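The values are calculated or read from the model by the stated rules, or taken from the named source; none is laboratory data. Note that the structure is a prediction, hence the values are computed from the model and not measured. Cβ placement follows ideal geometry from the backbone for every residue including glycine, while neighbour counts extend to all protein chains displayed.
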Amino acid sequence: MTKATEYVIEVDKLTKRYGDLLAVNDISFTVSKGEVFALLGPNGAGKTTTVEIIDTIRRLTSGKVTLLGMDVMKKKHDIVRRIGVLPQGFSSFDRITVRETLQYYSRLFRCMNTDIDGLIDLVNLKDKTREQYKNLSGGLRQRLGIAIALVNDPEVVFLDEPTTGLDPRARREVWEVLQGLKKKGKTVFLTTHYMEEAELLADRVAIISKGKIIAMGSPGDLIENNTNYLVLTLQSANEKAFEIVRKMGFKPVLDNHKDIKVRVEHTDDVQKILNAIKDAGALYVGLDVRKPNLEEVFLKLTGEALLTAPAGGRGAE
Amino acid sequence: MNLHVIGANLVVKLMSVYREKTAMFFTIAFPIILILVFGTIFMSQDNVSFHLCVQDLDQTNLSAQSIKTLELDGKFKMTKVDPAISAAQYVRESKVDLVLVIPKGYERSLLQRTMLGDPNASVTITYIYDPSSSSVLTKMQILNAVIAGINQKMSGTPPFIRSAKTSILTKKYRFIEFFIPGIIAMAVMTLSLFGTVNLNTELRQKGIIRKLSTTPITRTDWILSDILYQFILAVISTIAMLVVSYAVFNVSLHINAWLFAFILLDVFAFVGIGMILTRFAKEAQSAAAAANAISFPMMFLSGSFFPIELMPGFLQTIARILPLYYVNEGLRAAMVFEDNMAALRDSAVIGFFAAVVFILGIMATKWEEGQ
């Protein structure tokens, strides 16, 4: 097996400049066949620039990107036939129905045998086939966009922030569709700034900040390698509980104005805190002990919160 | 070039415009409104007749007969003014610009001249007029010509200089028939230019172009499908214009292959320009403003509405470098004069221009971003 077939995507020292702005700074990574790979980072980190260079929308400044064994700068025409793309802020023709839109894109790919009904089923749009695009909600539009990205039965699917701007319910519906893709064994390259999305869907995650990849691995490995504590949450706790925890030498923080969150290094510490609260007669409604998530990993690595990190890019990140 | 892809694009564009009924209606209605407005104005110019008030102070058979003669000339529609009132006051109060006054003693003087041969017998017909009127001088000149004709007849000798009219056309054409080809050229230009600019800037802003760049469609396929789409709209619009022109104004024009050839070249040229504008204009509004800046001078300078010979010399020179001028001239050569050589000449000029802007349009169309 050659190197080109081992990895579906190979990014080597990729750099992209917009004038003086360095949007992507010398990044390298690979994606294997059948893998769901997520590029996780805040707005302006360089996610969209990276994915748009790999899926041939943009041109790189330096470095080399190989997709399906082909150089993206030289073989665009051959590459686009074998990939599916949901670009950021996807949109389609207002007055064309769901079914017509899928037929249109399958004709562009000259795919005579596209299973339009199968795609409609996959993205759960069966009762919307005759609906024009302009009448679809944000979630339905994204699901149509994913179906369009699959009309040519692509070997690699690129999804650039597929759930940005969607309400939690619509986001979960899109996640269900993406889990369906994962089950079908598709190679998926996903960008997102939602850590739950990356954690739920991705086999591997690359965390990108200010154009640089700062960590990469499975969500579990990233958390394991970058954190050595547990997070105890005391739900709807009172002020007395807060004071007790603080006096014990821990650093509690108030979350949502009612929950107390505190980092502990050992499970013994959890028991000590609970006993102290009980002895003092302080109150809380429920409790939760869990490992840190990617949000906390990102916070630790960059010192910035994932959703609020400052934007550094222009237009595309 | 992939016919399958071009066909897919064409179908989507046609379905979109068909479902947007209001846009479709105004696309077709705008040139028809122009034809109806200008056609009505020109129709009255073809059968021009002036309103003329006559005050007959003589009130005799011969004076009445003379008035009848003027009326029969076909240039005037008469209104008789009461001999008892002041003609000048009538002009002021009735808002008319001219009253022709036939003096008392008209019949007597006429008989003296014709029956008795008295060379000194004459009458003076007075024009009471409002000099602020723009058409009164024309009316007086026509009246002078009619009176000169009567005087010449009464002299009994045949005129020395006669005039004869020979039209270069085999058939007499009305101004509306010269106007329709200009409106077709102008409407197709507007349709193609604004259609391309509006559609492409909208698709670019919505990110659809970015999505299309990840499919096998090429820039050439995209522009050719746009040209085909604009051509179909242009043909529909032209048919509507011709139907109205025939039904309302009973025009007589030659419908032949040249008409479709010039429509196609018109579309090619202005879709190409539209593609170039779309490339350089950042937003839909600035693209539309740029399209306006190109189409308006073209519309008025290239002879769509009136012959360029009416314009000053330097503007005529400018007109001859505008592509729409050759579409206007070519369509008139084909539809009015039936001059195939002239049509061929004009089609060669606009064809060359269309080929150049088409290639530039393909080069200017931005498929990848951030290059």
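I need the strands (runs of 3 or more DSSP E) fully contained in region B:55-142, keeping only those with at least 2 residues that are among the hydrophobic types (A, V, I, L, M, F, W, C).
In region B:55-142, B:76-81, B:98-102 are the strands (runs of 3 or more DSSP E) which contain 2 or more residues that are among the hydrophobic types (A, V, I, L, M, F, W, C).
Go through the residues of region A:142-149 one by one and say whether even a single one is within 14 Å of chain B (Cβ to nearest Cβ), surrounded by fewer than 18 Cβ atoms within 10 Å (Cβ to Cβ) and not basic (K, R).
no
Could you tell me whether A:R169 is at positive phi, of a type outside the set (S, T, N, Q) and surrounded by fewer than 19 Cβ atoms within 10 Å (Cβ to Cβ)?
So A:R169 fails the test.
So in region B:72-95, with the set limited to residues that are over 16 Å from B:I125 (Cα atoms) and among the charged types (D, E, K, R), which one is surrounded by the most Cβ atoms within 10 Å (Cβ to Cβ)?
Among those that are over 16 Å from B:I125 (Cα atoms) and among the charged types (D, E, K, R), it is B:K75.
Go through (1) more than 25 Å from A:L140 (Cα to Cα); (2) in contact with a helix residue (DSSP H, G or I) (Cβ under 6 Å, 6 or more places away or on another chain) and name the single condition A:F90 misses.
Only one criterion in (1) more than 25 Å from A:L140 (Cα to Cα); (2) in contact with a helix residue (DSSP H, G or I) (Cβ under 6 Å, 6 or more places away or on another chain) is unmet by A:F90, namely (1).
Before we move on, is A:I120 farther than 27 Å from A:K291 by Cα and either crowded, with 20+ Cβ neighbours inside 10 Å or of a type in the set (S, T, Y) (or both)?
Criteria met by A:I120.
So for region A:218-226 (the condition being in contact (Cβ under 8 Å) with a residue 24 or more places away in the chain, assigned to a strand (DSSP E or B) and out of contact with any Ser or Thr (no Cβ under 8 Å at 6 or more places or on another chain)), does at least one residue qualify?
The answer is no, given that none of the residues of region A:218-226 is in contact (Cβ under 8 Å) with a residue 24 or more places away in the chain, assigned to a strand (DSSP E or B) and out of contact with any Ser or Thr (no Cβ under 8 Å at 6 or more places or on another chain).
Could you list, in sequence order, the residues of region A:32-71 that are over 23 Å from the mean Cα position of the chain (by Cα) and under 19 Å from B:K366 (Cα atoms)?
A:T61, the sole residue that qualifies.
Which one is nearest to A:E296 (Cα to Cα), of the residues in region A:214-238 that are among the hydrophobic types (A, V, I, L, M, F, W, C) and surrounded by fewer than 23 Cβ atoms within 10 Å (Cβ to Cβ)?
Selected residue: A:I223.
What is the number of the single condition among (1) β-branched (V, I, T); (2) touching a Gly at 6+ places or on another chain (Cβ under 9 Å); (3) over 30 Å from B:F337 (Cβ atoms) that B:T215 does not meet?
All conditions pass for B:T215, except number (2).
Can we say B:G7 is in contact with a Lys or Arg (Cβ under 8 Å, 6 or more places away or on another chain) and among the small types (G, A, S)?
Here the answer is yes, as B:G7 does meet what is asked.
Scan region A:76-103 for residues that are touching a strand residue (DSSP E or B) at 6+ places or on another chain (Cβ under 8 Å) and more than 22 Å from A:Y133 (Cβ to Cβ) and jot them down.
Result: A:D78, A:I79, A:R82, A:I83.
Consider region A:19-47. How many of its residues are crowded, with 16+ Cβ neighbours inside 10 Å and touching a strand residue (DSSP E or B) at 6+ places or on another chain (Cβ under 8 Å)?
Here the count works out to 19.
Residue-wise test of (1) hydrophobic (A, V, I, L, M, F, W, C); (2) in contact with a helix residue (DSSP H, G or I) (Cβ under 9 Å, 6 or more places away or on another chain); (3) closer than 26 Å to A:E197 by Cα; (4) not assigned by TED's automatic domain parsing to the domain that holds A:K183.
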residue: A:N25; (1), (2), (3), (4): no, no, yes, no
residue: A:S32; (1), (2), (3), (4): no, yes, yes, no
residue: A:V36; (1), (2), (3), (4): yes, yes, yes, no
residue: A:M70; (1), (2), (3), (4): yes, yes, no, no
residue: A:K74; (1), (2), (3), (4): no, no, no, no
residue: A:H77; (1), (2), (3), (4): no, no, no, no
residue: A:R95; (1), (2), (3), (4): no, yes, no, yes
residue: A:C111; (1), (2), (3), (4): yes, yes, no, yes
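How about region B:1-19: which of its residues are facing chain A (nearest Cβ under 8 Å) and outside any helix (DSSP H, G or I)?
Selection gives B:N2 alone.
When only residues in region A:239-253 that are surrounded by 12 or more Cβ atoms within 10 Å (Cβ to Cβ) and within 15 Å of A:V285 (Cα to Cα) count, which is nearest to the chain's Cα centre (by Cα)?
A:F242
So, in region A:118-130, exactly how many residues are more than 13 Å from chain B (Cβ to nearest Cβ) and more than 29 Å from A:D78 (Cβ to Cβ)?
Summing the residues that are more than 13 Å from chain B (Cβ to nearest Cβ) and more than 29 Å from A:D78 (Cβ to Cβ) in region A:118-130 gives 7.
A quick yes/no check of all residues on (1) surrounded by fewer than 19 Cβ atoms within 10 Å (Cβ to Cβ); (2) among the polar types (S, T, N, Q); (3) more than 14 Å from chain A (Cβ to nearest Cβ); (4) out of contact with any Phe, Trp or Tyr (no Cβ under 7 Å at 6 or more places or on another chain):
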residue: B:V136; (1), (2), (3), (4): yes, no, yes, no
residue: B:F160; (1), (2), (3), (4): yes, no, yes, yes
residue: B:F178; (1), (2), (3), (4): no, no, yes, yes
residue: B:N200; (1), (2), (3), (4): no, yes, no, yes
residue: B:K211; (1), (2), (3), (4): no, no, no, no
residue: B:R219; (1), (2), (3), (4): yes, no, no, no
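If I filter region A:45-60 for residues that are assigned by TED's automatic domain parsing to the domain that holds A:R172 and modelled with pLDDT under 90, do I get at least one hit?
Yes, some residue in region A:45-60 is assigned by TED's automatic domain parsing to the domain that holds A:R172 and modelled with pLDDT under 90.
Within region B:188-211, restricting attention to residues that are touching a residue at least 40 places away in the same chain (Cβ under 8 Å) and hydrophobic (A, V, I, L, M, F, W, C), which residue is nearest to B:Q285 (Cα to Cα)?
Ranking the qualifying residues of region B:188-211, first place goes to B:V197.
Please pick out the residue among A:T50, A:T56 that is of a type outside the set (D, E, K, R), part of a loop (DSSP other than H, G, I, E, B) and buried (at least 22 other Cβ atoms within 10 Å of the Cβ).
A:T56
Can you tell me how many residues within region A:246-271 are within 17 Å of A:Q235 (Cα to Cα) and either among the basic types (K, R) or assigned to a helix (DSSP H, G or I) (or both)?
Count: 7.
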